[in-house]
Amino acid sequence: LVSGPGRGMASLPAETRLVVDKHVRYIQSLDTRKDELEYWLTEHLRLNGLYWGMTALHLLGHPDALPREGILKFVFSCLHESGGFGAAPGHDAHMLYTCSAVQIIATLDAFDELEAHMEDGRRKIGQWIASLQDTATGTFAGDEWGEKDTRFLFNAFLSLSLMGLLDLVNVDKAVQHVNSCVNFDGAYGTSPGAESHSGQVYTCVGALTIAGRLDLVNQEKLGAWLSERQLKNGGLNGRPEKTEDVCYSWWVMSSLAMINKLHWIDGEKLTAFILGCQDPDLGGLSDRPGDMVDVFHTHFGIAGLSLLKYPGLAEVDPVYCMPRDVVQRCLRK
Ligand code: FPP
Ligand code: ZN
């Protein structure tokens, strides 16, 4: 019924192991369910969904479980002449999908194929991203309509650094903006004065890590705020007084990892919480035990287990949320 490495986990009952093969089959099945309403209701997330599913498969040690050519064909069909990507063919370009597209292309080592599909494709993507920087404040919009958020600033830094094109933007000005989003508790919000939220902590600390400016972070204070996100049931919440959710295993733990304080939470209790969110029969993980699974929580749950060094998983990079060997290959170039 279950599969998984077993090494170091011998004392756990079988149902609390990671059901690797079930998760692989769950992710493979996502694209074959086109007759279900849910498939079409989530069309606005398609490129994000592909990044989540594909990355989870890489971390699970099954990188070839989805067809490389089919993935790239879909990704390139979402690319506009402007250099931005939409969520699906015909959708408007947006930073969130452009970042997922760059992450997928990087993971598949497919920048040559990108150039074959669009002349000077890498630079066009970089310039489209750079065009969204607000020259007055240093932050970034998500698209031409101008909503601004530190998520988009982080997406810009992540994508540009993977392509070696960070010099297309004003890094110092963006860093100043991130620094202006810090609150009295040491954590960060979407914009100056906005409430602290661990998703936003991930994006702000991630951007500062890429910029080499972790010296600006009050690491003791932030580490304390992040470690207080763990609840009695082992799960992590995103803000004080909120309920636990598997995706916060990622937003909180990755931030702790970037400031070298991952040991400030109870990893064993969190591992048990995440494993308890699996559908042991059909695969996939949900936000909390007993809920419906989805590919978003499946990906962030597995990425969280990778940070927790769950046996048999490939190592995830806490900043890029991609396999660590892929990130190292890209940054060396
Ligand atoms: C919480 O979302 C999460 C965030 C605000 C962070 C989102 C980060 C990105 C989109 C950056 C890209 C990410 C990666 C991994 C490359 P929520 O709206 O679910 O918050 P809620 O739980 O408070 O509703
Ligand atoms: Zn969630």
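Readers should treat all values here as calculations from the given coordinates under stated rules, not as data from a laboratory. Just so we're clear, the structure is a prediction, and the values are computed from it rather than from any experiment. Note that we place each Cβ from the backbone using ideal geometry, even for glycine, and neighbour counts take in every protein chain shown.
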How about region 231-297: which GluC sites (Glu not before Pro) there are in a DSSP loop, with at most 13 other Cβ atoms within 10 Å of their Cβ?
Glu241
Rounded to the nearest 0.05, what FRET efficiency is calculated for Leu214 and Lys73 with R0 set to 41 Å and r the Cβ-Cβ distance?
0.60
Rounded to the angstrom and largest first, Cα extents along the principal axes for region 272-324 equal 30, 20, 17
Find the Cα radius of gyration of region 214-333, compare it with 2.2 N^0.38 Å by division, and give the number to two decimals.
1.06
How large is the helix-only mean residue ellipticity at 222 nm for the chain, computed as the sum of -39500 (n - 2.57) over DSSP H runs with n ≥ 4, divided by its residue count, in deg cm²/dmol to the nearest 500?
-14000 deg cm²/dmol
Estimated translational D of the chain in µm²/s (Stokes, Kirkwood radius over Cα pairs; 10 °C; 1.306 mPa s):
79
Lys/Arg Cβ at +1, Asp/Glu Cβ at -1, dipole of the chain taken about the Cα centre: which of Gln230, Gly193, Met54 is farthest positive-ward?
Gln230
May I ask for the longest run of the chain untouched by chymotrypsin sites (Phe, Trp or Tyr not before Pro) that are loop-located per DSSP and have at most 13 neighbouring C-beta atoms (other than their own) within 10 Å?
185-333
Lysine pair count for the chain [Cα-Cα under 16 Å; pairs on different chains or 8 or more apart]:
6
Just to confirm the filter: which trypsin sites (Lys or Arg not before Pro) across region 172-253 are DSSP coil and have at most 10 other Cβ within 10 angstrom of their Cβ?
Lys232
Return a whole-number percent for the relative contact order of the chain, with Cα pairs under 8 Å and 6 or more residues apart as the contact set.
18
With a 10 Å Cβ neighbour count serving as the proxy for reagent exposure, in which order, fewest first, do Asp245, Asp281 appear?
Asp281, Asp245
